[in-house]
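Structure first, then comments.
Just so it is clear, none of the values below were taken in a lab; they were calculated from the coordinates. These figures come from a predicted structure and were not determined experimentally. Cβ coordinates were reconstructed from backbone atoms using ideal geometry, including for glycine residues, and neighbour counts include every protein chain displayed.
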């Protein structure tokens, strides 16, 4: 609870800083609503009593006050919906959302993006800032509603202590409403599977890709029947629950109204004996009519506030996670201007957080400066994990990674990343961007540098792709945004161009860079990247690390490292490993047999015969 109060206080402070006028307006509206609601009852009592006493002028004044207060309540409620639940929520929600996005995107590591339990929490935060701001203002409104409830009970108590029983009676409709909501919620859960099924069937029936198969197979009527049957199950279950809920709500209101009539009769008897005035009867009727609504509003506002906990808990977790990251030790050393010796793994062991499977097990590897190093192995052998460690997305559990003798953890992360380039296996797709922007992200400082873009596109052999785009570099990469969609291979070429934007990296990583490309394209790209690797080696002593399960692409590497189940099992040149007859030779032979089934294909070059260069 203390954490919630602190968060509400912080959000209130943001509202004050970013929407001071609106914040003052909302507080003014809330105070005005409390005063106006109480003023209506008091003014109506005075109007009746003064009229019976034949005091016409005071009676008219009291009636005018009651009418003015009623109009004020109407106006304040309309203003509250506009100011409190829209303008402030929008303005302050955007501030928190912007901060949240920057915090998530600026985290050095990516554990929160790959662990399912972490990602679940972050997914919940989509749209959460505005809901949290709304929840805070619901809490503020609940406080004022409770003040109004207390004042109402005090006024009722001045007429008769028995009238305080109305508070208990007002709980009957709330209790019955709670039971009704539970039944409706149970029905929602019980029919959720059928509801999802009918939604999925509807999506299938309206999906362009599935639509071709449905029409070819003439399955449209059957899909329609299945969808209708699923929806009928949903309707039956929820209809029964809602009928039952309606009867429960009617019971609650019957209890309240019966009790109200009895207590009103008692007050009327007091008025008849002179123990109360006719105005007191009017006061009781007026306050009672609003009492149940006030109680329901207060409970509803508090319930709504607490329901925001579904967003608050992940938000507070993320803040704690961010704080822990901020307090973690950060390196401040700059990477060397040129690699002299290279990068070394020394007894590196790594297990992904939240799991107990060792992905890298006591790995010791030397990546010589200026070399092209191929990292091969079957799926799940740890190849991409090494790339993530070199990118500083994770820290090893034990062991060290050094760059020219300096521990990687001692280097400033941003400075190190500024001297690395990569085309990752799970590359990003940016359909909302132009082709130029999607490539320029590889070096944000040169996002609009046409010469740099041209070099990167040429390196990735993507010139032909650009020529086919309707608007060239300015083409949006999705039909949704007025452009066109790219094929998987075209997206991969875009990623390769993006990874080629930097001209002076110390480490250039290609993680399964041609998995989505055909053999001729793969061969052409590797020819270009081998030339680029030699140029980078001469310029900065850069290491080019190629991760691939296609052994035909690594024959020209200076060093081949073979991983198997997280362990380094072999290393050497392509020829040395073939001669050794070990794991590499076994994998190469298996692939050679597979490719031998494809006529006219040369395994060594990875290109059709006659096009091996």
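Scaled against the 2.2 N^0.38 Å expected of a compact globular protein of N residues, the Cα radius of gyration of region 487-575 reads 1.11.
The helix-only estimate of mean residue ellipticity at 222 nm for the chain, built from DSSP H runs of length n ≥ 4 each weighted as -39500 (n - 2.57), is -21000 deg cm²/dmol after division by the residue total. Pairs of C-alpha atoms in region 47-185 farther apart than 17 Å represent 79 percent of all such pairs. DSSP assigns beta bridges within the chain; of those with both partners inside it, close to 55 percent run antiparallel.
If the chain linking residue 74 and residue 538 were pulled fully straight, counting 0.36 nm for each residue of separation and taking away their Cα-Cα distance, it would gain 159.3 nm. Summarising the label geometry, the points placed 7 Å from Cα in the beta-carbon direction at residue 250 and residue 467 lie 7.8 nm from one another.
Seen against the Cα atoms of the chain and their longest principal axis, helix 165-190 is set at about 30 degrees. With both labels modelled 7 Å from their Cα along Cα-to-Cβ, the residue 504 to residue 16 distance reads 4.9 nm. The modelled label-to-label distance for the pair residue 379/residue 82, using points 7 Å beyond Cα in the direction of Cβ, is 5.9 nm. Give me 469, 563 sorted ascending by neighbouring Cβ count inside 10 Å, so fewest comes first. Taking fewest neighbouring Cβ atoms as first place, the list is 469, 563.
Over all directions, how big on average is the projection of the convex hull of the alpha-carbon atoms in region 1-47, in square nanometres?
Working: hull surface 17.9 nm².
Mean projected area of the Cα convex hull: 4.5 nm².
Which whole-angstrom value gives the distance between the alpha carbon centres of region 185-249 and region 49-119? That distance is 37 Å. Nearest 10 degrees, 0 to 90: what angle lies between the long axis of helix 56-82 and the longest principal axis of the chain (Cα atoms)? That helix lies at roughly 10 degrees to the long axis. Pairwise Cα distances in the chain exceed 45 Å in 45 percent of cases.
Convex hull volume of the Cα atoms in region 428-503, per residue, in Å³?
Working: hull volume 5.7 nm³, N = 76.
About 75 Å³ per residue, rounded to a whole number.
Only Cα sites of region 261-393 enter the Debye sum here, all with the same form factor; the resulting log10 I(q)/I(0) across q = 0.11 1/Å is -0.72, listed in q order. Between 0 and 90 degrees, the angle of helix 20-52 with respect to the longest Cα principal axis of the chain falls at about 20 degrees.
Normalising the Debye intensity of region 391-442 to I(0), with uniform scatterers on Cα atoms only, and taking log10 at q = 0.14, 0.16, 0.20, 0.32 Å⁻¹ returns -0.53, -0.64, -0.83, -1.30. Of 31, 214, the sequence from fewest to most neighbouring Cβ atoms within 10 angstrom is 31, 214.
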